[in-house]
Amino acid sequence: MRRIIKYIAVVLLTVNCPLSTVHSQIVRDIIKKSPSYSSCNYDVYPDTITAVLTPAPAGKKPFYISHYGRHGSRYISNRNGYEVPYIMMQHADSLDELTPTGRKVLYEMNSIMHDTEGRWGELTGSGKRQLEEIGQRMVRNFPEVLGPGANVKCLSTIVPRCIESMGSTAMKMLQECPTLHITMEASKRNQWFMNHQDKNLRRNYMTKEANKAYQAYTKSRLGNSRLMELIFKNPDIVKEFVDEEFFNYYLMKMALFQFNISYNRNPRLMKLFETDEFYRMWQVDNALWYIQHGACKLNGGRQPYSQRYLLRKIIADADSCIKLDRPGAQLRFGHETVLLPLVCLIGVNGYDLETDNLDEIEAKGWWCSSVFPMGSNLQIIFYRSSPKDKDVLLKVLLNEAEATLPIPTDCAPYYHWQDFRKYCLDKLNSYKN
């Protein structure tokens, strides 16, 4: 069972900053203002983007966009996440063990189950709007790339919510610029780089050392006795069939997930929980995501290499497109289990952090929620003065905000393509399977 944690960070960091940048807001404060942040990969994409883009160096203009994005907000993937607390509540109700608050909670759960039935994993209305707005901003931010007659090649994994996300983005881009030439493809033949899930790395991420550290990190942050007393008449009795840890975790997730669903953006279940409870759940999930996809020394630090094929493809595609007079854009639509390790592999915003101390990851700014909310995306924007310009620059946007790379540059937040290319290929070539 995923366990609930501790540790309030002393080092103050901003959400979209390098790990060394100090800021006055800690994760707990973020969660207090926006509880959805605590749900990690269930977090929703921001309704507005306030990041300001730095003008390009003199003479340079954007000419090509390489992108990988997650699908927009969806319904929960399957019934299991909801049924864990739901079945426990039904059993307690059959024994007349629910308090008045507990009965209200069960009523709300019934409504959620009814609304969600048969929609498992589907893109929601909110998800479609997120992708439409991202596509709209992309056209407006980079008209030199996405102007009349430009070519846009879109690829998606074969999962319906990703295909719909691709379509939502493409249709909105066409509304902004009707003469764009957009192609869309969702095929199994692209899965090897669009959604590669390395079975060997996945099988071995939770080593004995990682498991020991994870259990120690979560040991004293278990359960939620306050919640049990709020919902059940006799918490000691219902513990025979209500697992306190499971119940707290999954009911909280059920509450948070409703932010992704249009009909209930202010879920009543949220009132059951306090900020510190959301914060502790975020900590346990953040640590697990780090072990699964970060450069965690406890399992050899190799998990980000699950996306080695995608990064090589991004580089190869860029090499080809740079040779063209007007390459346009290549947009790829997939999943958070690809985007997060890709960000870690490249080292965007310091997410290549290597440590064997789970207490360090929050203090050093490794916050998974800042990488992969629903609709999250990585955009690499390429710049040059003309097709003959050999000094191609690039800028990386993580969720549409300018990001840093672990590469020296004389024109931040811009980087020289050849430096980026060499850095990535050297890192990929060093990997031993």
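Quick check on my link table: of Lys60/Lys153; Lys313/Lys422; Lys61/Lys323; Lys390/Lys422; Lys313/Lys364; Lys153/Lys388, which ones sit more than 19 Å apart, alpha carbon to alpha carbon? Each step should come with its number before you reach the end.
Details: Lys60/Lys153 23 Å; Lys313/Lys422 14 Å; Lys61/Lys323 16 Å; Lys390/Lys422 15 Å; Lys313/Lys364 30 Å; Lys153/Lys388 23 Å.
Check vs 19 Å cut-off fails for Lys60/Lys153; Lys313/Lys364; Lys153/Lys388.
Given the Cα-Cα distance of Tyr107 and Met270 and 0.36 nm per residue of separation, how much length would full extension add, in nm?
Details: separation 163, 0.36 × 163 = 58.68 nm, distance 1.43 nm.
This chain segment gains 57.3 nm when fully extended.
Is there a quick way to get the dipole size of the chain? I mean about its Cα centre, with the Cβ of Lys and Arg at +1 and of Asp and Glu at -1; what is the value in debye to the nearest 20?
Numbers: 55 positive and 46 negative charges, 227 e Å.
Computed about the Cα centre, the dipole is about 1080 debye.
So what's the gap between the Cα centers of the stretch 74-130 and the stretch 296-339, to the nearest angstrom?
Result: 37 Å between the Cα centres.
Pop the C-beta distance of Lys422 and Asp243 into the FRET formula with R0 = 56 Å and round what comes out to the nearest 0.05. Walk me through the numbers before you get to the answer.
Values: r = 51 Å, r/R0 = 0.92.
For Lys422 and Asp243, the calculated efficiency is 0.65.
With +1 on the Cβ of every Lys and Arg and -1 on the Cβ of every Asp and Glu, and nothing else charged, how large is the dipole of the stretch 284-358 about its Cα centre, in debye rounded to the nearest 20?
Using Cβ point charges on Lys, Arg, Asp and Glu, the stretch 284-358 gives about 300 debye.
Given points 7 Å out from each Cα along the Cα-Cβ axis, report the Met184 to Ala316 separation in nanometres with one decimal.
Here the answer is 2.6 nm between the modelled labels.
Specify which residue in the list Pro160, Ala216, Asn204 is farthest towards the positive end of the charge dipole of the stretch 136-265, using unit charges on the beta carbon of Lys, Arg (+1) and Asp, Glu (-1), about the Cα centre.
Asn204
Using +1 at the C-beta of Lys and Arg and -1 at the C-beta of Asp and Glu, which of Tyr290, Thr116, Tyr42 has the Cα lying farthest in the positive direction of the dipole of the chain?
Farthest towards the positive pole: Tyr290.
Considering the dipole of the chain built from charges on the beta carbon (Lys and Arg +1, Asp and Glu -1) around the Cα centre, which of Gly135, Thr355, Met184 is farthest to its positive end?
It is Met184.
Which loop GluC sites (Glu not before Pro) in the stretch 173-253, with loop taken from DSSP, have no more than 16 other Cβ atoms within 10 angstrom of their Cβ?
In loop regions of the stretch 173-253 (DSSP not H, G, I, E or B), the sparsely surrounded GluC sites (Glu not before Pro) are Glu240.
Report, in cubic angstrom per residue, the convex hull volume of the C-alpha atoms of the chain.
Details: hull volume 59.8 nm³, N = 433.
With only Cα atoms used, the chain gives 138 Å³ per residue.
Between the stretch 133-180 and the stretch 273-291, what is the separation of their alpha carbon centroids in Å?
Cα centres, the stretch 133-180 to the stretch 273-291: 35 Å.
Starting with the highest mean, order 283-291, 356-364 by the number of other Cβ atoms within 10 Å, averaged over the residues of each peptide.
Final packing ranking: 283-291, 356-364.
Report the extension gain between Ser94 and Cys411 in nm, rounded to one decimal, defined as 0.36 nm multiplied by the number of residues separating them, less their alpha carbon distance.
Values: separation 317, 0.36 × 317 = 114.12 nm, distance 6.62 nm.
Contour length minus Cα-Cα distance gives 107.5 nm.
When the Debye formula is applied to the Cα atoms of the stretch 181-293, each taken as the same point scatterer, what base-10 log of I(q)/I(0) results at q = 0.13, 0.23 Å⁻¹?
One equal scatterer on each Cα of the stretch 181-293 leads to -0.75, -1.23.
Counting only protein heavy atoms, what percent of the accessible surface of the stretch 248-307 is carbon or sulfur at a 1.4 Å probe?
Ligands and nucleic acids excluded, carbon and sulfur give 45 percent.
Could you work out [θ]222 nm for the chain from helices alone, using -39500 (n - 2.57) per DSSP H run of at least four and dividing by all its residues? Round to the nearest 500 deg cm²/dmol.
One gets -13000 deg cm²/dmol as the mean residue ellipticity at 222 nm.
Treat each spin label as a single point 7 Å out from the Cα along the C-beta direction, and report the Glu122 to Asn211 distance in nm.
That separation, rounded to one decimal, is 3.9 nm.
Give, in nm to one decimal, the length gained when the segment between Ile87 and Lys388 is fully stretched (0.36 nm per residue of separation minus the Cα-Cα distance). Before the final figure, lay out each step's value.
Values: separation 301, 0.36 × 301 = 108.36 nm, distance 6.51 nm.
Fully extending the segment from Ile87 to Lys388 adds 101.9 nm.
Taking the solvent-accessible surface of protein heavy atoms with a 1.4 Å probe, what is the per residue accessible area of the chain in Å²?
In whole numbers, the chain has 42 Å² accessible per residue.
How large is the dipole of the stretch 150-192 about the Cα centre if only Lys and Arg carry +1 and Asp and Glu carry -1, each at its Cβ, rounded to the nearest 20 debye? Let's see the in-between values first.
Numbers: 5 positive and 3 negative charges, 35 e Å.
The calculation lands at about 160 debye.
With θ set to phi - 60°, apply the Karplus curve 6.51 cos²θ - 1.76 cosθ + 1.60 along the stretch 298-312 and write out the HN-Hα couplings as whole Hz, x wherever there is a Gly or Pro.
5, 10, x, x, 9, 4, x, 5, 4, 9, 5, 5, 5, 5, 4
Can you tell me the order of 404-415, 333-344 when each peptide is scored by its average per-residue count of other Cβ atoms within 10 angstrom, highest first?
Going from most to least packed, we get 333-344, 404-415.
In percent, what relative contact order does the chain have, based on Cα pairs under 8 Å that are 6 or more apart in sequence? Each step should come with its number before you reach the end.
Details: 808 pairs, mean separation 128.0, N = 433.
So the answer I get is 30 percent.
The values are calculated or read from the model by the stated rules, or taken from the named source; none is laboratory data. Keep in mind that this is a model prediction, so the values were computed, not measured. Note that each Cβ is placed from the backbone with ideal geometry, even for glycine, and that neighbours are counted across all protein chains shown. Each accessible area value is taken on the protein alone, full model and side chains, heavy atoms only, with ligands, DNA and RNA left out. Shrake-Rupley method; radii C 1.70, N 1.55, O 1.52, S 1.80 Å.
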